[in-house]
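In what follows, a structure is listed as structure tokens, so that the remarks can point back to it.
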Amino acid sequence: MWFLHFIQSSIGKKWIMALSGCFLILFLCSHAAGNATLFVGVSLFQAYADQLHSHPLIVAVFSSGLLLIFALHIVTGILLTLQNKKARNRGYKVQKRAKIRANSQASATMIYSGLFMLLFVVLHTAAVSFGDHASIGKTIAEMFSSFAISIFYIIAFMVLALHLSHGFWSMLQTFGVNHPEYNGLIHALTFIVPVFFLLLFSSLPLLFLFH
Amino acid sequence: MSDKQKNIDLNLEIWRQKDSRAQGDFSTYTLQNISTDMSFLEMLDVLNEKLTMEGGEPVAFDHDCREGICGMCGAVVDGIAHGPEPETTLCQLHMRHFKSGDTIVIEPFRSRAFPVQKDLIVDRGALDRVIQAGGYVSINTGGTPDANATAIPSATAELAMDAAACIGCGACVASCPNGSAMLFTGAKISQLSLLPQGKAERKERALSMVTAMDKEGFGNCTNERECEAVCPKGISIGNIARMNREFVKASFF
Ligand code: FES
């Protein structure tokens, strides 16, 4: 009962967004670590994929957990957007932000960048995750040798960085992490985290494109 | 009269709405020779005097102290709640911040939880109901205690005072793209939960004030930080973070 009350409250929904977002960031970290094998070579990446898929139980548990977290993040995000549109029933004639920040655009467009990420994930998993795992290395190498596909991936990583530039800070604020002593560090991470993932992920298509 | 005093001419676009059920629309007015030493509300007084003389209906707006401490005044001026000056209520905004020939757009605070009553007046009773849900201490305090009987660290007292500076004007709700009242509720919860007198009821307070806030139809905070930027008392979103912690603690422990 108290738990239902919690997740139905405005703060509870913030927590769902933040907690699922936190898990998604952790997933990004593990994904990036797996990708890093590609820097060494396609064969090492293939070996990593083979190793991973030799444990079907682990793969099944992790992918269904990931699916659940993804769904939670998306459904709550859409619900929040709809509720908030209703709460601000009428806009102003003069629409202006009182304070323009480097990432003001990001916070105002979370739902759009989020939905674009959903589109990307659907396409990416359809092409890679549900493809033939035995030749996943080859699939990747072939995909990224196409200029158009590489550019699409890089655009998606930029949108991800935009999403994170509000999401990461917002997550900490929701968890109640806001303290004058650490706010400087948190502010720096607001930019470091998205740029880190942007560089790490987009270096792969670039690597194949210019190889 | 200051040396820099001068007079300016203004065009005003003001939201006019007969009552809470009327449609409402913008009307345009011009004012000549407005002293830059006037406050924004005094400028509206001049307009209303003119309208009354002409047999028209004066523009209805809320105000009381006119010295920035009561929280009664407030409107959205050129897209920003309480106008362009930071940490300033509308009554403390002076006309020297405008130029002759400017067109100023004046709109009421907008939010589903703040229905417009007439022109620039909105019903902010929703904030009162949030306070009624727990924005108080109900412990017996007895006779006047000695000033130093309850030791409170200076830093804590300062934080509580910063939160207590909230005058409940509702600019946070008006500026929030989600119409959320979390800065207000966060400040009120913080102000009490930081102090020993408020600690006894912190759990019930966090639960019931957040529930009351949600019930009024305010939106959900998505950390846009617009509230903090317009707040005439400079209330920090650190108070929202504290409310989040208080609410989670109260829900789970
Ligand atoms: S009239 Fe009291 S704060 Fe402006």
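Quick notes
- Some residue of the range B:97-109 being part of a loop (DSSP other than H, G, I, E, B), more than 14 Å from the ligand (Cβ to nearest atom) and under 15 Å from the mean Cα position of the chain (by Cα): yes
- Condition met for B:V130 (within 14 Å of chain A (Cβ to nearest Cβ), modelled with pLDDT of 95 or more, assigned to a strand (DSSP E or B) and more than 16 Å from the ligand (Cβ to nearest atom)): no
- The residue that is surrounded by the fewest Cβ atoms within 10 Å (Cβ to Cβ), counting only those in the range B:50-89 that are of a type in the set (A, V, I, L, M) and more than 14 Å from chain A (Cβ to nearest Cβ), is B:M53.
- Spans of helices (runs of 4 or more DSSP H) in the range A:83-194 with at least 2 residues charged (D, E, K, R) and within 12 Å of chain B (Cβ to nearest Cβ): none
- Residue selection: B:T211 satisfies the criterion of being under 29 Å from B:A75 (Cα atoms), touching a helix residue (DSSP H, G or I) at 6+ places or on another chain (Cβ under 9 Å) and assigned to a helix (DSSP H, G or I).
- Failed criterion for B:T88 (all others in (1) within 16 Å of the ligand (Cβ to nearest atom); (2) closer than 16 Å to B:N11 by Cα hold): (2)
- Under the condition of being assigned to a loop (DSSP other than H, G, I, E, B) and away from the ligand (no atom under 11 Å from the Cβ), the residues counted in the range B:45-83 number 10.
- The set of residues in the range B:78-93 being more than 19 Å from B:L127 (Cβ to Cβ) and touching a helix residue (DSSP H, G or I) at 6+ places or on another chain (Cβ under 7 Å) consists of B:I80, B:G83, B:P84, B:E85, B:L93.
- Failed condition for B:G198, given (1) in contact with a helix residue (DSSP H, G or I) (Cβ under 7 Å, 6 or more places away or on another chain); (2) within 13 Å of another protein chain (Cβ to nearest Cβ); (3) modelled with pLDDT under 95; (4) assigned to a helix (DSSP H, G or I): (2)
- When the range B:28-44 is filtered for residues that are assigned to a strand (DSSP E or B) and either surrounded by 13 or more Cβ atoms within 10 Å (Cβ to Cβ) or among the β-branched types (V, I, T) (or both), the ones remaining, listed by number, are B:T28, B:Y29, B:T30, B:L31, B:I34, B:S35, B:S39.
The values are calculated or read from the model by the stated rules, or taken from the named source; none is laboratory data. Given the structure is predicted, the values throughout are model-derived calculations rather than measurements. Glycine gets a Cβ as well: all are built from the backbone with ideal geometry, and neighbour counts include every protein chain shown.
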